[in-house]
1. Which members of the stretch 112-143 meet the condition of being within 20 Å of residue 186 (Cβ to Cβ), modelled with pLDDT of 90 or more and not charged (D, E, K, R)?
2. Taking the stretch 65-117, which residues are more than 17 Å from residue 55 (Cβ to Cβ) and either buried (at least 17 other Cβ atoms within 10 Å of the Cβ) or of a type in the set (Val, Ile, Thr) (or both)?
3. Looking only at the stretch 118-143, count how many residues are more than 22 Å from residue 196 (Cα to Cα), under 18 Å from the mean Cα position of the chain (by Cα) and surrounded by fewer than 21 Cβ atoms within 10 Å (Cβ to Cβ).
4. Give the residues of the stretch 113-152 that are farther than 30 Å from residue 86 by Cβ and part of a loop (DSSP other than H, G, I, E, B), sorted by residue number.
5. Within the stretch 207-225, is even one residue at pLDDT 65 or above, buried (at least 17 other Cβ atoms within 10 Å of the Cβ) and within 21 Å of residue 110 (Cα to Cα)?
6. Among (1) among the hydrophobic types (A, V, I, L, M, F, W, C); (2) at pLDDT 90 or above; (3) outside any loop (DSSP other than H, G, I, E, B), which single condition is residue 155 missing?
7. Determine whether the stretch 6-19 contains at least one residue that is part of a loop (DSSP other than H, G, I, E, B), modelled with pLDDT under 95 and within 23 Å of the chain's Cα centre (by Cα).
8. Among the residues of the stretch 182-203, how many are within 13 Å of residue 137 (Cβ to Cβ), of a type outside the set (S, T, N, Q) and not in a loop (DSSP other than H, G, I, E, B)?
Amino acid sequence: MLQRFRFASVTAFILFTASLHSVQVIYERGDGAFASRPVLGPEEIDVPAGALVEFETDWKHEKKKWDGKTRYGSHLRKITNKGTHMIIAYLRTSPTAESQIRVFPGTSESVKGDLLALEAAPEPLAAADLQFRCNVVVERSDNMHNGKGRPSASLGKEQFSLRLGEMIIFDTDWQHEKKKSAKGKYYGPHLRRLTGTTSGARVNVRTISPLPAEMAKRVGLGVRKIIDKSFQGTELQPGVPMEFQADLLSLRCSR
């Protein structure tokens, strides 16, 4: 049964006025359970502020798109909030498990599950929250041998600016170890130092521990991801550099 997180209770008057506004959401789905990326093309929906819209998730409709009558939510892979209100997406992630994610205005989330429902907050986020950014400086090594806190001069300092709620996912394949992030391609091998530069910002950092050098030589880099499952998370505090000897998986902005 769908366990709904309801935004703060509102009066009938607020619900009436909220219905005059809607939040544009773009959702993208796969055409089967094994689809790792969107296949069917983007679909748009306007979710009334303060309202909840439910979706049909039966897999027998997995290749169908919005037909003017029914919204289909099977195999959701990406969701984008184009409005100014917070959106909550309710998901079925397995036959017996459900979850929910918050999608901040102006941000996208990559997901894997069936979309059960979308709910829009009654009120838009404050202008200060929409303008807020988490600025982060990333320093990496161009090889696995440099120790903790020892980045390579060849890669320099990479700067990222994230919206509130935004998450950047990095490619940790070591074949990209000498590349700098550019044009929407984000690389995370051999993270050595992170510095947050925004007052009042919190940045959640997820990393994956590297294999010992001798093991990496034995098994080869191609199977490294299969063997290494050691994920770690930490909070990056503004103005306090943190040293790492790991690969950078993701950054998320909060406050």
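The values are calculated or read from the model by the stated rules, or taken from the named source; none is laboratory data. Computed from a predicted structure; not experimentally measured. Ideal geometry is used to build each Cβ from the backbone, glycine not excepted, and the neighbour counts take in all protein chains shown.
1. Within the stretch 112-143, 135, 136, 137, 138, 141, 143 meet the criteria.
2. Answer for the stretch 65-117, where residues must be more than 17 Å from residue 55 (Cβ to Cβ) and either buried (at least 17 other Cβ atoms within 10 Å of the Cβ) or of a type in the set (Val, Ile, Thr) (or both): 83, 84, 85, 86, 96, 104, 105, 107.
3. Residues that pass the stated criteria total 0.
4. Across the stretch 113-152, the qualifying residues are 141, 142, 143, 144, 145, 146, 147, 148, 149, 150, 151, 152.
5. yes
6. Here residue 155 clears every test but (3).
7. yes
8. Looking only at the stretch 182-203, we keep the residues that are within 13 Å of residue 137 (Cβ to Cβ), and these are 191-198, 201, 203.
When the remaining residues are screened for being of a type outside the set (S, T, N, Q), the result is 191-194, 196, 201, 203.
Retained after the next criterion (residues that are not in a loop (DSSP other than H, G, I, E, B)): 191-194, 196, 203.
Summing the residues that are within 13 Å of residue 137 (Cβ to Cβ), of a type outside the set (S, T, N, Q) and not in a loop (DSSP other than H, G, I, E, B) in the stretch 182-203 gives 6.
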